[in-house]
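Everything below concerns the one structure shown next.
The values are calculated or read from the model by the stated rules, or taken from the named source; none is laboratory data. Everything numeric here is computed off the predicted structure, so don't read it as measured data. Neighbour counts are summed over all protein chains in view; Cβ atoms, including those assigned to glycine, are modelled from backbone coordinates with ideal geometry.
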Amino acid sequence: MKCSAIYQWLLLLLPSVIHAQPAEHHFSLKDAVHYATDYHPGIQRSSYELDKYNQKFREQLSGYLPQIKADAAYTNNLRLITQIIPGEFLGQPGQDQAVQFGTKYNASAGIELTQTVIDFEKITGQKLARQSRRIGLLDKQKAAEQIVYDVSTAYIAAQVTFLQQEIVNENVQRVDTLLAMVQIQLDNGFAGTLDLKRLQLERTSLQTQLQSAQMEYRQSITLLKYTMAYPLEDALSIDAQLAQSTYGPLVGQRQPRQPVEYQLLAASRDLSALRHKQAKLSYLPKLSFNFKYGALAQQNHPNVLRTTANWYPNSLASLNISIPIFDGNFKGSRVKQLQLEQLQIELDLRISSLQQDKDLSNASHKLDASNANMVTTKQSMALAADVYNITYAQFQYGYTPLKELLDMHLQLKETQTAYLRAIVEAQSAELQWLKASGNLALITK
């Protein structure tokens, strides 16, 4: 009776346990890239950096908005200041008198407004803040492109290791079939023990390769999760088929664009030009307006807020001009430094342009060669498979010895390895071309 109750309890618990198991999420390459660009901490960090640039613009803008502040003070003169006054002022010539001035309690309150009228440095500072924000956008784009490149590389590596796993598993099945056949031949006296041992040795070697391929696949999936910022404990599956070029249709659009690194250098050049302009404008005068209004109460009673307290208003308005005359050649040195910085950035732009041309040319040649090599190795693998099948048929009828069949099997494995290597090289070349041509964003479309 007790066992029956436990059994019923387990039946009730089983659906919830099954339901609690994490579901496996399938990702295509595009899905993986979109997930990474949405959730990767590097992208989020770039977004925070962009928000900082936005706040920097607001900071610069505040310099041309009215600055208003209020102040209040309450003073208790614990001991009033005593001063010596000549007796002539009090009708007592020759007799100095000690006199205390002021009142024991003083209170004041006021409000002050300051407005910048003309300050060309601040105007240029706002333009600097806008340009810094543009650099922030490019930094975010650069981070996104790097994540796209890393995720694509990891995804292709996972696909290749899965394909390798499948190929080794097919080879294991071929050898298992041969083992069963040779065992029958051995039992009937048509094969020797050495033939069986050879096949068993080949089976062991393939089993080791299969275990290595399975481990590499698990590691590649873990690396993919890491580059995607996907939870490592959650299950993930990918598109297993890699029959043709992943980016074939995209690479056909050979329209090179300026890489984001070049755009960042160009934006830095514009930022340096604005800083140079700001430094030169620092020679110009600055004009500002100031207005202040307040009230002062002085009495010997501590309660300055009573109705009988006398508050005496005061106010002022001023127009202030500041004209730089001599600063020890500080501004001149600053202007010269920024001129040299602009020349350096111009040279960096030239170097970057030459680097892009070189990388694009190398990537294009490598892409053409690796694609041609992948087609050739695939044909060689198919041809080796045909030769193996023919040799296997001949072995079944006793026309071909086992050694020749094993040689054909070894050749088939070599062509399979060459094909896997060619796939990796082709996919790597395509990614390098997309990066060099500034077209990595095409992967997400």
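If you check LEU199 against the conditions, is it surrounded by 18 or more Cβ atoms within 10 Å (Cβ to Cβ), part of a helix (DSSP H, G or I) and of a type outside the set (Lys, Arg)?
yes
For the stretch 383-397, does any single residue satisfy the condition of being assigned to a helix (DSSP H, G or I) and under 19 Å from LEU29 (Cβ atoms)?
no
For PHE101, state whether it is out of contact with any His (no Cβ under 8 Å at 6 or more places or on another chain), modelled with pLDDT under 85 and of a type outside the set (Val, Ile, Thr). It would help to see each step written out before you state the result.
Details: out of contact with any His (no Cβ under 8 Å at 6 or more places or on another chain): yes; modelled with pLDDT under 85: yes; of a type outside the set (Val, Ile, Thr): yes.
When the stated conditions are applied, PHE101 passes them.
Identify the residue in the stretch 3-27 that is at pLDDT below 90 and touching an Asp or Glu at 6+ places or on another chain (Cβ under 9 Å) and, among all such residues, is nearest to GLN126 (Cα to Cα).
Residues of the stretch 3-27 at pLDDT below 90: 3-25.
Right, trim to touching an Asp or Glu at 6+ places or on another chain (Cβ under 9 Å) and you get 22-25.
Working: PRO22: 51, ALA23: 51, GLU24: 50, HIS25: 47 Å.
Residue satisfying both the conditions and the ranking: HIS25.
Would you be able to say whether some residue in the stretch 365-379 is within 30 Å of GLN185 (Cα to Cα), of a type outside the set (Asp, Glu), surrounded by fewer than 13 Cβ atoms within 10 Å (Cβ to Cβ) and at pLDDT 90 or above?
Step one: list which residues in the stretch 365-379 are within 30 Å of GLN185 (Cα to Cα), which gives none.
No: zero hits.
If you go through the stretch 84-132, how many residues are buried (at least 17 other Cβ atoms within 10 Å of the Cβ), over 30 Å from PHE57 (Cβ atoms) and of a type in the set (A, V, I, L, M, F, W, C)?
Adding up the residues that qualify gives 1.
List, please: which pairs have Cβ atoms under 8 Å, are six or more places apart or on different chains, and start with a residue in the stretch 347-367 that is farther than 23 Å from SER428 by Cβ and end with one that is among the aliphatic types (A, V, I, L, M) and in a helix (DSSP H, G or I)?
Here the result reads ASP348/LEU265; LEU349/LEU265; LEU349/ALA266, each pair linking the stretch 347-367 to a residue that is among the aliphatic types (A, V, I, L, M) and in a helix (DSSP H, G or I).
Residue under question is GLU112, and the condition is that it be among the acidic types (Asp, Glu), in the same structural domain as TYR262 (by TED's automatic domain parsing), in contact (Cβ under 8 Å) with a residue 40 or more places away in the chain and at negative phi; does it hold?
no
In this structure, does LEU179 turn out to be in the same structural domain as ARG45 (by TED's automatic domain parsing), closer than 30 Å to GLU414 by Cβ and either surrounded by 15 or more Cβ atoms within 10 Å (Cβ to Cβ) or touching a Cys at 6+ places or on another chain (Cβ under 9 Å) (or both)?
In short, yes.
Return yes or no: is ALA422 assigned by TED's automatic domain parsing to the domain that holds LEU179, among the aliphatic types (A, V, I, L, M), assigned to a helix (DSSP H, G or I) and free of Cβ contacts under 8 Å to residues at least 24 places away in the same chain?
When the stated conditions are applied, ALA422 does not pass them.
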